[in-house]
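Novice: This structure is in structure tokens; I'll ask about it shortly.
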Amino acid sequence: YVEGENPTFNVVSTDPEELRPLIGRGGETLRSFGFLLNTMISRAAQRSVRVTLDVNGHRSEREKEIRILAEGAADDVRSSQEPSSMEPMSPYERRLVHVALAEDPDVDTYSIGEGRDRHVVVGPKV
């Protein structure tokens, strides 16, 4: 552990199916375990500690997938000049989209919807 850096713990197995229950539907179980882990470590350390939990690289692969989807939505908006709605995502995944497209001179992003239906819309820059 290096001060100022967030450690990542990656649970691995040679049989990916063995760990699928730890990921859960849409990564929901993995996010819940991560939340519990951060809460337990922060309480034990008596300060806020952020760690990342991954299972067989699922989280890092999903991050790459989100960035590719964001770029694809931006390309669609550039060609059509019409807003493009992305699939509903977790707050973390929505943030990845916003960050991925923040410097894009042609598009803006914003989130709409409530709860599990909240999603990012990529639109032409006004």
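Novice: Per residue, how much accessible surface does the chain expose to a 1.4 Å probe? Answer in Å², no decimals. If you can, show how the numbers build up before the last one.
Specialist: Numbers: 8510 Å² over 126 residues.
Normalised by residue count, the accessible surface of the chain is 68 Å².
Novice: If you filter segment 71-126 for GluC sites (Glu not before Pro), then keep DSSP loop positions with at most 16 other Cβ within 10 Å, what is left?
Specialist: Numbers: sites: GLU71, GLU93, GLU103, GLU114; in loops: GLU103, GLU114.
Sites meeting the loop and neighbour criteria: GLU103, GLU114.
Novice: How big is the antiparallel share of DSSP beta bridges in the chain, given as a percent to the nearest 5?
Specialist: Details: 9 of 13 bridges.
Of all bridge pairs located within the chain, approximately 70 percent are antiparallel.
Novice: Please get the size of the charge dipole for the chain, origin at its Cα centre, with Cβ charges of +1 on Lys and Arg and -1 on Asp and Glu, quoted in debye to the nearest 20. Display every interim value, and only then the final one.
Specialist: Values: 16 positive and 22 negative charges, 126 e Å.
Rounded to the nearest 20 debye, it is 600 debye.
Novice: Oh, and also: Where in the chain is the longest stretch that carries no trypsin sites (Lys or Arg not before Pro) classed as loop by DSSP and with at most 14 other Cβ atoms within 10 Å?
Specialist: Working: sites that count: ARG47, ARG50, ARG118, LYS125.
Here the longest segment lacking exposed loop sites spans 51-117.
Novice: Using only Cα atoms, figure out Rg for the chain and give it as a multiple of 2.2 N^0.38 Å.
Specialist: Working: Rg = 17.0 Å, N = 126, 2.2 N^0.38 = 13.8 Å.
Expressed relative to 2.2 N^0.38 Å, the Cα Rg reads 1.23.
Novice: Measure off 7 Å from each Cα along the Cα-to-Cβ vector at PHE9 and SER42, then give the distance between these two points in nanometres to one decimal.
Specialist: My value for the distance between the label points is 1.6 nm.
Novice: Can you give the accessible area of SER79 in Å² (nearest 10), computed on protein heavy atoms with a 1.4 Å probe?
Specialist: 100 Å²
Novice: What would the Debye equation give as log₁₀ I(q)/I(0) for segment 1-73 at q = 0.14, 0.17, 0.22, 0.28 Å⁻¹, counting only Cα atoms as equal point scatterers?
Specialist: -0.53, -0.74, -1.02, -1.22
Novice: So, one more: Hey, got a sec? Which chymotrypsin sites (Phe, Trp or Tyr not before Pro) in segment 1-46 land in a DSSP loop and have at most 16 other Cβ atoms within 10 Å?
Specialist: Values: sites: TYR1, PHE9, PHE33, PHE35; in loops: TYR1.
When the chymotrypsin sites (Phe, Trp or Tyr not before Pro) of segment 1-46 are filtered for loop state and at most 16 Cβ neighbours within 10 Å, TYR1 remain.
Novice: If each DSSP helix of 4+ residues adds -39,500 (n - 2.57) and the sum is divided by the residues in the chain, what number results at 222 nm, nearest 500 deg cm²/dmol?
Specialist: Values: 4 runs with 60 residues, N = 126.
Computed ellipticity for the chain at 222 nm equals -15500 deg cm²/dmol.
The values are calculated or read from the model by the stated rules, or taken from the named source; none is laboratory data. The model shown is predicted, which means the values in this text are computed figures rather than measured ones. Because the Cβ atoms are built from the backbone with ideal geometry, glycine has one as well, and the counts that use them run over all protein chains shown. Note: areas computed on protein heavy atoms with side chains; ligands, DNA, RNA excluded. Shrake-Rupley method; radii C 1.70, N 1.55, O 1.52, S 1.80 Å.
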